[in-house]
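The values are calculated or read from the model by the stated rules, or taken from the named source; none is laboratory data. If you're wondering where the values come from, they're calculated on a predicted model, not measured in any experiment. Ideal geometry is used to build each Cβ from the backbone, glycine not excepted, and the neighbour counts take in all protein chains shown.
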Amino acid sequence: MVRPSLKKFRRIVVKVGSSLLIDSDAGEVRASWLAALADDLAKLHKEGRELLVVSSGSIALGRSRLKLPRGTLKLEESQAAAAVGQIALARIWSEVLGHHGIGAGQILVTLQDTEERRRYLNARSTIAKLLEWRAVPVINENDTVATNEIRYGDNDRLAARVAAMASADCLVLLSDVDGLYTAPPASDPNAQHLPVVPRVTAEIEAMAGGAASELSRGGMRTKIEAAKIATTAGVHMAIADGRIEHPLKRIAEGGRCTWFLTPSNPVTSRKKWIAGSLEPKGVVRIDAGAAKALVSGKSLLPAGVRGIEGEFARGDCVVIRNADGGEIGRGLIGYDAGEALQIMGRSSRDIEEILGYSGRAAMIHRDDMALAGE
Ligand code: GLU
């Protein structure tokens with residue numbers, strides 16, 4: 001089974017864990033390690049790749065800045081520590097990337113932001129804009145507002161959701177293990193390292209400690225969960241040892257890690273998700289001209305819309321029908337039903353005048369659309 005090469009990816013998400021970034025004794029950032037990682041990122045960036053960083057460390061940093069005693073923190077204590085630590089964390093990333101002339105943009109997300117349609121579209125378009133500007137989004141969970149019920153709690157799964165949301169084609173989890181083993185390497189001398197996992201099967205899940213156990217084997221469980229999310233969304237994922245200097249360079253040179261392969265790609269997976277997994281909340285009827293434009297790969301503009309049905313909100317899935325009522329496809333709509341009714345049939349230039357704010361030019365962006373038979 002061939003392992004992928006980092007070189008062939010276009011959009012890469014790199015997840016950095018707290019234990020790599022922060023020295024647990026000193027409570028401070030491991031500056032030379034981070035500078036080396038930033039060199040690796042800058043190199044990939046210079047080669048034209050789009051990069052996103054998912055960085056943990058806010059709670060650990062806040063804890064040390066506030067000189068909190070050792071021991072487990074209560075939820076509200078972690079949240080308050082994160083409030084202090086996140087400022088420091090953002091500054092650190094801004095400095096190390098700024099050193100290479102790369103802008104860093106902080107994005108703090110909660111589970112809802114990646115699951116609720118409207119927020120999902122908003123976060124997605126902000127990320128797209130930052131990448132277009134060649135900046136690097138630096139993402140963490142918004143620990144200060146995320147309570148137990150709406151928390152990821154771990155940045156492995158968060159990073160996988162971010163990778164899916166950003167239509168990335170590669171996710172690298174930098175960790176304190178160099179990949180997945182057939183058994184716990186610490187206790188089983190016969191444990192074998194797996195360089196490539198073609199599919200996350202029940203057998204693979206069992207290697208991570210079984211589906212029922214929580215955070216088993218130093219977080220391998222959440223990493224396998226992340227692999228499931230990523231590979232379903234068309235993202236290849238690697239688990240690699242981040243403790244060495246220049247961990248990304250090492251992966252690019254074929255260093256030891258475990259690759260989880262996806263049979264798909266981000267665009268196809270996303271189209272499948274839009275076409276099949278979401279319950280449509282409304283219908284958008286379009287004219288023949290718009291139907292032709294969609295088939296040739298264009299977005300749906302308000303001008304080509306003839307009718308709107310249903311009570312939907314921005315980001316909901318709607319069915320796109322032609323003048324005869326035939327289904328052309330489905331898409332995530334950029335406007336609430338009430339707004340869509342007001343701007344249908346009108347030029348995108350008039351949106352600001354009609355709605356009182358300058359909305360998006362497209363009613364449904366082509367990246368948010370799956371046409372029948374696609
Ligand atoms: N969001 C948490 C933090 O920045 C960390 C979660 C994790 O380590 O996976 O401290």
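Check Leu51, Leu21 and return the single one that is farther than 22 Å from Asn148 by Cα, within 11 Å of the ligand (Cβ to nearest atom) and surrounded by 21 or more Cβ atoms within 10 Å (Cβ to Cβ).
Every option except Leu21 fails the conditions.
Which residue pairs have Cβ atoms closer than 6 Å, lie 6 or more positions apart in sequence or on different chains, and pair a first residue in segment 49-68 that is under 15 Å from Ile22 (Cβ atoms) and in a loop (DSSP other than H, G, I, E, B) with a second residue that is near the ligand (Cβ under 9 Å from one of its atoms) and modelled with pLDDT of 95 or more?
Matching pairs, first to second residue: Gly57/Leu89.
If the Cβ limit is 9 Å and pairs must be 6+ apart or interchain, which residue in segment 169-193 that is more than 15 Å from Glu203 (Cα to Cα) pairs with which residue that is of a type in the set (Phe, Trp, Tyr) and assigned to a loop (DSSP other than H, G, I, E, B)?
What qualifies is Asp169/Phe9; Cys170/Phe9.
Look through segment 92-125, keep the residues that are among the acidic types (Asp, Glu) and in a helix (DSSP H, G or I), and return whichever of them is surrounded by the most Cβ atoms within 10 Å (Cβ to Cβ).
Asp113
Going through segment 64-91 one residue at a time, which ones are surrounded by fewer than 18 Cβ atoms within 10 Å (Cβ to Cβ), closer than 18 Å to Thr147 by Cβ and more than 12 Å from the ligand (Cβ to nearest atom)?
Of everything in segment 64-91, those that are surrounded by fewer than 18 Cβ atoms within 10 Å (Cβ to Cβ), closer than 18 Å to Thr147 by Cβ and more than 12 Å from the ligand (Cβ to nearest atom) turn out to be Thr72, Lys74, Leu75, Glu76, Glu77.
Sort out which residues of segment 126-151 are modelled with pLDDT of 90 or more and part of a helix (DSSP H, G or I), and write them in order of number.
Result: Thr126, Ile127, Ala128, Lys129, Leu130, Leu131, Glu132.
Among what's in segment 355-374 and is exposed (fewer than 14 other Cβ atoms within 10 Å of the Cβ) and not polar (S, T, N, Q), pick the residue that is farthest from the chain's Cα centre (by Cα).
Gly356
Could you figure out which of (1) away from the ligand (no atom under 16 Å from the Cβ); (2) farther than 18 Å from Ala159 by Cα; (3) not aliphatic (A, V, I, L, M) isn't true of Phe9?
Going through the list (1) away from the ligand (no atom under 16 Å from the Cβ); (2) farther than 18 Å from Ala159 by Cα; (3) not aliphatic (A, V, I, L, M), Phe9 breaks only (2).
Which is closer than 14 Å to Ala160 by Cβ, touching a helix residue (DSSP H, G or I) at 6+ places or on another chain (Cβ under 9 Å) and assigned to a strand (DSSP E or B), of Ala230, Ala238, Ala226?
The match here is Ala238.
Would you mention how many residues in segment 283-327 are on the phi > 0 side of the Ramachandran plot and surrounded by 14 or more Cβ atoms within 10 Å (Cβ to Cβ)?
2
Of the conditions (1) over 20 Å from Leu20 (Cα atoms); (2) modelled with pLDDT under 95; (3) under 25 Å from the mean Cα position of the chain (by Cα), Gly98 fails just one. Which one is it?
(2)
Taking segment 94-110 as the search range and keeping residues that are within 12 Å of the ligand (Cβ to nearest atom) and in contact (Cβ under 8 Å) with a residue 40 or more places away in the chain, which one is farthest from Asp39 (Cα to Cα)?
Thr110
Name the pairs: first residue in segment 140-164 and in contact (Cβ under 8 Å) with a residue 40 or more places away in the chain and under 12 Å from Glu115 (Cβ atoms), second residue more than 9 Å from the ligand (Cβ to nearest atom) and not in a helix (DSSP H, G or I), Cβ to Cβ under 6 Å, at least 6 apart or on different chains?
Hits for this filter: Ile150/Thr110; Ala164/Ala233.
For segment 166-183, enumerate the residues that are surrounded by fewer than 20 Cβ atoms within 10 Å (Cβ to Cβ) and among the hydrophobic types (A, V, I, L, M, F, W, C).
Ala183
If Ile244 passes every condition in (1) part of a loop (DSSP other than H, G, I, E, B); (2) more than 26 Å from Ser18 (Cα to Cα) but one, which one does it miss?
Unmet condition: (2).
Give me the pairs, please: first residue somewhere in segment 293-310 and within 14 Å of Gly331 (Cα to Cα) and touching a residue at least 40 places away in the same chain (Cβ under 8 Å), second residue anywhere and acidic (Asp, Glu) and surrounded by 18 or more Cβ atoms within 10 Å (Cβ to Cβ), beta-carbon distance under 9 Å, and either six or more positions apart or on two chains.
Here the result reads Ser299/Asp368, each pair linking segment 293-310 to a residue that is acidic (Asp, Glu) and surrounded by 18 or more Cβ atoms within 10 Å (Cβ to Cβ).
Could you check Gly57 against (1) more than 16 Å from the ligand (Cβ to nearest atom); (2) among the small types (Gly, Ala, Ser); (3) at pLDDT 90 or above and say which number it fails?
(1)
Which ones in segment 11-23 are touching a residue at least 24 places away in the same chain (Cβ under 8 Å) and closer than 20 Å to Asp178 by Cα?
Matches in segment 11-23: Ile12, Val13, Val14, Lys15, Val16, Gly17, Ser18, Ser19, Leu20, Leu21, Ile22.
Step by step: first the residues of segment 120-158, then only those that are aromatic (Phe, Trp, Tyr) and under 29 Å from Met220 (Cβ atoms), then the one that is farthest from the chain's Cα centre (by Cα). Which residue is that?
Tyr152
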